[in-house]
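The block underneath contains the structure these notes are about, expressed in structure tokens.
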Amino acid sequence: MATAAIEKSIKIVRQPALVFGMILAALIVALILVAPVFIPHDPFLVEMGNRLQPASLTHWFGTDQMGRDVFARIVYGGKLTIGLGLLTVFTAVLIGVPIGIFSGYVGGKIDAVLMRIVDGFLSLPDFILAIAIAGILGPNITNVVIAMVFVRWIVYARVVRGLVLAEKEKEYILVSKISHSSSFKTIRMHLLPHIMPDIIVMAAIDVGKVILLISAFSFIGLGAQPPIPEWGAMLNDGRSFFQVVPSLMIYPGLAIMLTVLCCNLIGDGLKGYFDIRKRRAEN
């Protein structure tokens, strides 16, 4: 067991993108979780007499147009933005993966019907479809998550169905069927472990994309509503003051950029760790 752990550690170290992404992720999570203990400022406290102050020892990132501490709002917004991104991807995976497995493994008319529904939704750009859903439901961060889950589970279902089709004709699946294992046992014990690396990589990269989309929704007014300090909403709030205090847009923009970069690095690193390209070439 110790030898296996050492081999895994060496394999991780050989993926610099994964190592750097994990370090960056750890720093971001630590900042979000630990910083509020040391920040004396309430991210919602309005102090009009203290508005648009530059960075100082009291206010590390200065204050916004309402006199609120920008650093406190960045940290609080990180909990919201990253938390919603993780929740959205987790829910989409929870819905899309079982449907994709079921469709690909069962096949036949059920697969044809499910995939025609999926293809119908995939024919529309996911961002446009999500805007339409969020617009119908109303401007609210909860409705944005619902809209994003609705458009993202479809992608997982389609990709996972393709992975299942590629795997289910392989020898280990045929042996499992010959040994009279139930379909559930075959999927759980044999099929799922083989496609799980691809799902993990896809989900890791997707977190960054979803965070970017959630921020975009808030930026155009469909997501988080004032005074909630979501990063996209902070970008929108600082837009009118960009020429006077550009940091009101720079700080949340950097937060979004670093978080998305972190997700992409981890996703690319996991591709190498799981040998995704080699496994696909063997297929």
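The values are calculated or read from the model by the stated rules, or taken from the named source; none is laboratory data. Computed from a predicted structure; not experimentally measured. Every residue, glycine among them, receives a Cβ derived from its backbone with ideal geometry; neighbour counts consider all protein chains shown. Accessible surface areas use protein heavy atoms only, side chains included; no ligands, DNA or RNA. Shrake-Rupley method; radii C 1.70, N 1.55, O 1.52, S 1.80 Å.
Structure data summary
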{"quantity": "Sequence ranges 21-33, 196-208, ranked by mean other-Cβ count within 10 angstrom, highest first", "calculated": "196-208, 21-33"}
{"quantity": "Hull-based mean projected area of the chain, where the convex hull spans the alpha carbons, in square nanometres", "calculated": "18.6"}
{"quantity": "Farthest toward positive dipole pole in the chain [+1 Lys/Arg, -1 Asp/Glu at C-beta], among 249, 128, 184", "calculated": "184"}
{"quantity": "Mean separation of Cα contacts under 8 Å (6+ apart) over length of segment 117-217, as relative contact order %", "calculated": "28"}
{"quantity": "Whole-number percent relative contact order across segment 43-198, with pairs defined as alpha carbons under 8 Å at least 6 apart", "calculated": "20"}
{"quantity": "Rounded tilt (10° steps) of 192-219 against the dominant C-alpha axis of the chain", "calculated": "30"}
{"quantity": "Spin-label model distance (nm) - residue 243 vs residue 28, 7 Å beyond Cα toward Cβ", "calculated": "3.3"}
{"quantity": "Percent of C-alpha pairs per 5 Å bin, segment 32-77, short to long", "calculated": "5, 28, 34, 23, 8, 2"}
{"quantity": "Vicinal HN-Hα couplings computed from phi for segment 46-54 (Karplus, 6.51 cos²θ - 1.76 cosθ + 1.60; Hz; Gly/Pro x)", "calculated": "8, 9, 4, x, 10, 6, 6, 7, x"}
{"quantity": "Shape category assigned to segment 17-97 from the gyration tensor of Cα positions, a/c cut at 1.5", "calculated": "prolate"}
{"quantity": "Cα long-axis angle, helix 247-273 against the chain (0 to 90 degrees, to the nearest 10)", "calculated": "20"}
{"quantity": "Where only C-alpha atoms are counted, convex hull volume of segment 184-283 per residue in Å³", "calculated": "131"}
{"quantity": "Förster-model FRET efficiency, 41 Å R0, residue 123 and residue 188, C-beta, rounded to 0.05", "calculated": "0.80"}
{"quantity": "Cross-link table 185/209; 209/271; 168/209; 109/185; 170/271; 109/168, entries beyond 27 Å C-alpha to C-alpha", "calculated": "185/209; 168/209"}
{"quantity": "Segment 195-283, dipole about Cα centre (Lys/Arg Cβ +1, Asp/Glu Cβ -1), debye to the nearest 20", "calculated": "220"}
{"quantity": "Whole-percent carbon and sulfur share, accessible surface of the chain, 1.4 Å", "calculated": "71"}
{"quantity": "Accessible area of the chain divided out per residue, in Å², using a probe of 1.4 angstrom", "calculated": "52"}
{"quantity": "Percentage relative contact order, segment 194-283, counting C-alpha pairs under 8 Å, at least six apart", "calculated": "34"}
{"quantity": "Charge dipole (the chain, unit charges on Cβ, about Cα centre) - positive-most of 221, 165, 261", "calculated": "165"}
{"quantity": "Residue 52 long-range amide H proximity, modeled H, under 5 Å", "calculated": "63, 64, 65, 66, 67"}
{"quantity": "Expected 222 nm ellipticity per residue - DSSP helices of 4 or more, -39500 (n - 2.57), all of the chain, to 500", "calculated": "-24500 deg cm²/dmol"}
{"quantity": "Tilt relative to the chain, helix 70-106 - C-alpha long axis, 0 to 90 degrees, to 10", "calculated": "20"}
